[in-house]
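For reference, the structure is listed below as structure tokens.
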């Protein structure tokens, strides 16, 4: 999910910065240019650091800016298919619940929340199973698995990530405890 990767790219140093400390200017431009951007290979770039200028920059006729190749370390966030993670419910909508997974949000569609008919109360931001009475509210922490990913390079906040909680061991911790107690009672009752 979180990775530290080496990246290479070219930056444009505007002509008004010629004569200043190019290492410092390169650092600033790399952070401003790449932090918060989505890269299909590496994911969302959160932090860029340890910027090194690679070779001499080039000045293109008619522009006056320096085009500088740079190498830098980047802390990235890239969700992976089938990855299991803990996430926090941040919104309840008619079709499911949105969760924070690191710096991005993901959707648990209502069909993927639990093996029970559910009632969604959008006004009170609450989801409840009709038979199990298992409930979800804003701020609840749940365990889910990533089932779909569509990263948007142009607007990372518009990326679409789908989750499921229907498998064994998924959902809220209290649901798992409740299920264990129920199974334990059923075992005692059959003896």
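Read-outs throughout are calculated quantities, based only on the coordinates presented, and are distinct from any laboratory measurement. This structure is a prediction, so every number in the text was calculated from the model and none was measured. Cβ coordinates were reconstructed from backbone atoms using ideal geometry, including for glycine residues, and neighbour counts include every protein chain displayed.
One table, with the values for the structure above:
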{"read-out": "Residues in segment 112-138 reached by a label modelled at residue 167 [backbone nitrogen below 19 Å; 7 Å Cα→Cβ]", "value": "112-116"}
{"read-out": "Cα shape, segment 52-158, gyration tensor, a/c 1.5 rule", "value": "prolate"}
{"read-out": "Label zone at residue 177, where the point sits 7 Å out along the Cα-to-Cβ direction: segment 136-170 residues whose backbone N lies under 17 Å", "value": "136-137, 140-143, 169-170"}
{"read-out": "Computed [θ] at 222 nm, helices only, for the chain once each DSSP H run of length n ≥ 4 contributes -39500 (n - 2.57)", "value": "-5500 deg cm²/dmol"}
{"read-out": "The chain: angle of helix 22-34 to the longest principal axis, Cα-based, in degrees nearest 10", "value": "40 degrees"}
{"read-out": "Percent of beta bridges antiparallel (DSSP, the chain, rounded to nearest 5)", "value": "95 percent"}
{"read-out": "Among 17-25, 91-99, the order from most to least packed when residues are scored by Cβ within 10 Å on average", "value": "91-99, 17-25"}
{"read-out": "Ranked packing of 108-114, 118-124, 167-173, most packed first, by mean Cβ within 10 Å", "value": "108-114, 167-173, 118-124"}
{"read-out": "Cα-based Rg and Dmax for the chain, where Dmax is the largest Cα-Cα distance (Å)", "value": "23.7, 88"}
{"read-out": "Space enclosed by the convex hull of the alpha-carbon atoms of segment 2-77, per residue, Å³", "value": "87 Å³"}
{"read-out": "Cα→Cβ-extended label distance, 7 Å offset, between residue 41 and residue 82, nm", "value": "2.4 nm"}
{"read-out": "Amide N proximity, segment 104-148 versus residue 157 label position 7 Å along Cα-to-Cβ, cut-off under 18 Å", "value": "104-107"}
